[in-house]
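Have a look at the structure below, then the notes.
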Amino acid sequence: MLDLQKIVKIFNEGTVDEAVLFDGFDFHVKQGEFVSVIGSNGSGKTTMLNLICGADAAQEGKILFRGQDITMLPEHKRAKFIGRVFQDPKAGTCAGLTILENMALADNKQKHFGLGFAINKKRTDHYRALLEQCEMGLENRLNVKVGSLSGGQRQALALVIANMTDIELLILDEHTAALDPKSSETMMYLTDKLIRQRGITTLMVTHNLRHAVEYGNRLVMMHEGNIVKDICGEQKQQAKVQDLLEIFNEISIENGNGV
Amino acid sequence: MNIILNICRVTLEEGFMYAVLALGIYITYSILDFSDLSVDGTMPLGAIVTALLILRGVDPWLCLLISFAAGAIGGMITGLLHVKLHIRPLLCGILIYTGLLSINLVLLYLFNNGTTVASFFRLPTIFNSGLAALIPESIGGTHIRTLVVSGIMAILCKVLLDVYLKTKSGLLLRATGNNEKYVTLLAKDPGMSKILGLAIGNGFAALAGSVIAQSRGSADQQMGVGMVVMGLASVIVGLSLFRKLSKLQATTMVILGSIAYKAVLSIALALGLPTEYLKLLMAVLFVAALVLSGKKETHKRRAA
Ligand SMILES: Nc1ncnc2c1ncn2[C@@H]1O[C@H](COP(=O)(O)OP(=O)(O)O)[C@@H](O)[C@H]1O
Ligand SMILES: [Mg+2]
């Protein structure tokens with residue numbers, strides 16, 4: 001459903017700081033796949049996600065979504081079918097608005113933002129039901145400003161909000177990284193639940209190798225703008241954290257900075 | 001006694017009129033988080049447009065709407081400069097203000113026989129025609145009609161703004177000032193939302209210009225000088241002074257802020273401050289308001 005073809009991405013092109021990240025990068029995602037993406041810092045994971053969402057543009061190459069060329073489509077138009085949760089819990093919600101206001105806005109995604117009243121009291125039961133899935137008691141705090149929630153709560157809310165409308169692709173960029181271990185586990189559990197419920201195609205970047213192994217049905221490892229490992233099906237099920245660590249080490253040794 | 005009563009009346013009248021302007025600045029500065037200087041140009045634009053139209057016999061109430069539209073166009077251009085050409089907010093405002101200096105003068109030259117002040121004393125205004133004519137001009141020797149009309153204008157603007165902020169479009173505007181990324185996630189262009197917010201904010205500024213011109217019976221370019229400082233100070237004073245007192249709506253606090261600000265100016269003048277020091281006092285008050293609200297914020301942060 002998603003096709004990145006011969007992507008060339010150069011940062012600071014034409015300056016002394018020029019850095020070629022992707023040079024003919026290809027990546028293909030099938031409908032219904034839940035892809036865990038791992039790789040050392042600076043390997044290009046976030047940049048890949050930015051290119052897919054339209055937050056960044058490549059110098060060359062094409063991005064196809066369901067066979068349609070979306071290379072030139074602006075970010076907000078891609079958001080109609082792509083949902084995203086960022087690493088920063090502050091990014092996916094509005095701190096100064098209440099939970100109810102945030103959800104009412106998200107509920108109106110895909111529609112026109114006109115002069116009708118934003119909050120429809122009849123929808124609050126539906127919002128509560130969605131929030132109950134988080135098991136954090138958020139359903140009883142609809143009128144609380146989002147800024148007063150904890151990072152874990154905000155991130156859970158951001159995830160629920162990203163899933164409120166019929167998106168076709170969910171993008172998670174280290175969405176559990178800023179959370180404490182317990183919230184991080186809760187968040188992964190919730191993520192998996194939501195994804196299974198809707199069978200939504202998902203790309204999840206994570207630094208937690210155990211999450212990468214335990215969740216999802218495909219695993220991709222990136223290094224310096226290349227995909228160095230790509231497993232799915234049986235192979236993915238049998239993958240172990242230890243194996244992944246070994247590959248990480250091999251790569252470091254090849255680069256002359258072995259441990 | 002009579003003098004004090006008179007000062008209070010004038011303070012309230014002006015407080016209400018400039019509150020309309022402060023509400024506009026509340027939209028751009030507080031809701032949209034955009035430091036917009038174009039107000040110094042769009043406020044006199046509204047005043048001059050109204051004066052020229054009233055001189056041509058246009059209904060003064062209709063002039064309010066036309067001035068609002070004129071200001072909104074100015075604000076829209078500020079927004080376009082920022083969103084499409086990526087010019088910084090402060091610079092956008094300065095550019096629009098500078099451009100409007102000429103446009104306002106050209107309007108006066110073309111349609112007011114080359115003079116720089118458009119006067120329309122004794123012609124119908126919102127303070128003496130239509131529904132306003134039904135309000136008694138004075139009670140017990142005190143002129144009240146201007147006070148009532150300007151009070152109604154301020155409250156009407158406040159209520160309209162409150163209702164708008166509860167609509168989908170209004171809530172999206174609040175979200176835009178809060179977190180642009182969130183608006184993008186909602187599949188909306190935050191740039192369009194900013195342009196709309198600046199249009200509304202400058203519409204209010206021009207509307208205030210129209211009301212103030214009608215109360216004076218004249219309009220000129222000079223009216224705009226210091227409007228940003230005055231409006232911003234009213235917003236900051238209002239929001240910081242009255243926040244702790246009670247659970248007032250922000251728009252109400254802005255109106256009270258405008259009145260409080262005017263009160264300080266009136267008191268200073270009554271105590272014998274020469275008028276040429278007025279703008280200096282405005283600037284000093286603004287700094288005082290900033291310091292005041294800044295202190296409150298650090299307190300809050302420490303408490304949190
Ligand atoms: N805006 C930018 N300007 C310059 N270089 C960048 C920019 N964004 C990313 N890079 C570079 O691209 C590489 C990949 O970054 P990124 O995609 O953030 O990696 P990851 O998310 O895998 O840690 C890094 O070497 C980084 O320095
Ligand atoms: Mg990253």
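Residue-wise test of (1) among the hydrophobic types (A, V, I, L, M, F, W, C); (2) in contact with a strand residue (DSSP E or B) (Cβ under 9 Å, 6 or more places away or on another chain); (3) away from chain A (no Cβ under 11 Å).
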site: B:ALA154; (1), (2), (3): yes, no, yes
site: B:LEU161; (1), (2), (3): yes, no, yes
site: B:TYR164; (1), (2), (3): no, no, no
site: B:THR167; (1), (2), (3): no, yes, no
site: B:GLY197; (1), (2), (3): no, no, yes
site: B:ALA205; (1), (2), (3): yes, no, yes
site: B:ALA208; (1), (2), (3): yes, no, yes
site: B:VAL225; (1), (2), (3): yes, no, yes
Taking the stretch B:245-273 and keeping only residues that are surrounded by fewer than 20 Cβ atoms within 10 Å (Cβ to Cβ) and not aliphatic (A, V, I, L, M), one is left with B:SER246, B:LYS247, B:GLN249, B:THR252, B:SER266, B:GLY272
Scanning the stretch A:1-12 for residues that are surrounded by 12 or more Cβ atoms within 10 Å (Cβ to Cβ) and either within 16 Å of ligand 1 (Cβ to nearest atom) or at pLDDT 95 or above (or both) gives A:LEU2, A:ASP3, A:LEU4, A:GLN5, A:LYS6, A:ILE7, A:VAL8, A:LYS9, A:ILE10, A:PHE11
Per the filter on the stretch A:198-210, residues within 14 Å of A:ILE167 (Cβ to Cβ), modelled with pLDDT of 90 or more and away from ligand 1 (no atom under 16 Å from the Cβ) are A:GLY199, A:ILE200, A:THR201, A:THR202
How many residues of the stretch B:100-125 are within 24 Å of B:VAL225 (Cβ to Cβ) and in contact (Cβ under 8 Å) with a residue 12 or more places away in the chain? The answer is 16
Pairing a residue in the stretch A:41-53 that is within 10 Å of A:MET222 (Cα to Cα) and near ligand 2 (Cβ under 8 Å from one of its atoms) with any residue that is small (Gly, Ala, Ser) and modelled with pLDDT under 95, where Cβ atoms lie under 9 Å and the two sit 6 or more apart in sequence or on different chains, gives A:LYS45/A:GLY39
In the set A:ALA19, A:ALA57, the lone residue that is hydrophobic (A, V, I, L, M, F, W, C) and more than 28 Å from B:LYS188 (Cα to Cα) is A:ALA19
Counting only residues that are of a type in the set (Phe, Trp, Tyr), more than 16 Å from ligand 2 (Cβ to nearest atom) and in contact (Cβ under 8 Å) with a residue 24 or more places away in the chain, the stretch A:73-120 contains a total of 1
Restricted to the stretch A:100-123 and to residues being in a helix (DSSP H, G or I) and farther than 21 Å from B:ASP162 by Cβ, the residue farthest from the other protein chains (Cβ to nearest Cβ) is A:LYS122
*Restricting attention to the stretch B:156-173, does a residue exist that is within 30 Å of A:LYS90 (Cβ to Cβ), touching a Gly at 6+ places or on another chain (Cβ under 6 Å) and crowded, with 22+ Cβ neighbours inside 10 Å?*
yes
In the stretch A:140-155, residues that are basic (Lys, Arg) and crowded, with 17+ Cβ neighbours inside 10 Å total 2
- Yes or no: A:GLY39 crowded, with 17+ Cβ neighbours inside 10 Å, under 20 Å from A:LYS229 (Cα atoms) and either at the interface with chain B (Cβ under 8 Å from one of its Cβ atoms) or not β-branched (Val, Ile, Thr) (or both)? yes
Would you call B:SER215 surrounded by fewer than 22 Cβ atoms within 10 Å (Cβ to Cβ), part of a helix (DSSP H, G or I) and away from every other protein chain (no Cβ under 14 Å)?
yes
Of A:ASP180, A:ASP166, A:ASP173, A:ASP125, the only residue that is more than 17 Å from the chain's Cα centre (by Cα) and under 30 Å from B:LEU172 (Cβ atoms) is A:ASP125
When you look at A:ALA95, is it within 16 Å of ligand 1 (Cβ to nearest atom), more than 17 Å from A:THR202 (Cβ to Cβ) and among the small types (Gly, Ala, Ser), yes or no? no
Checked pairs for the stretch B:210-238, first in contact (Cβ under 8 Å) with a residue 40 or more places away in the chain and over 16 Å from B:GLU13 (Cβ atoms), second crowded, with 24+ Cβ neighbours inside 10 Å and of a type in the set (Phe, Trp, Tyr), C-beta under 6 Å and 6 or more apart or across chains, list as B:ALA233/B:TYR261; B:VAL235/B:TYR26; B:VAL237/B:TYR261
Among residues of the stretch A:54-71 being more than 14 Å from every other protein chain (Cβ to nearest Cβ) and of a type in the set (A, V, I, L, M), the residue farthest from ligand 2 (Cβ to nearest atom) is A:LEU64
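The values are calculated or read from the model by the stated rules, or taken from the named source; none is laboratory data. These figures come from a predicted structure and were not determined experimentally. Positions of Cβ are generated from backbone atoms using ideal geometry, with glycine treated the same way; all protein chains shown enter the neighbour counts.
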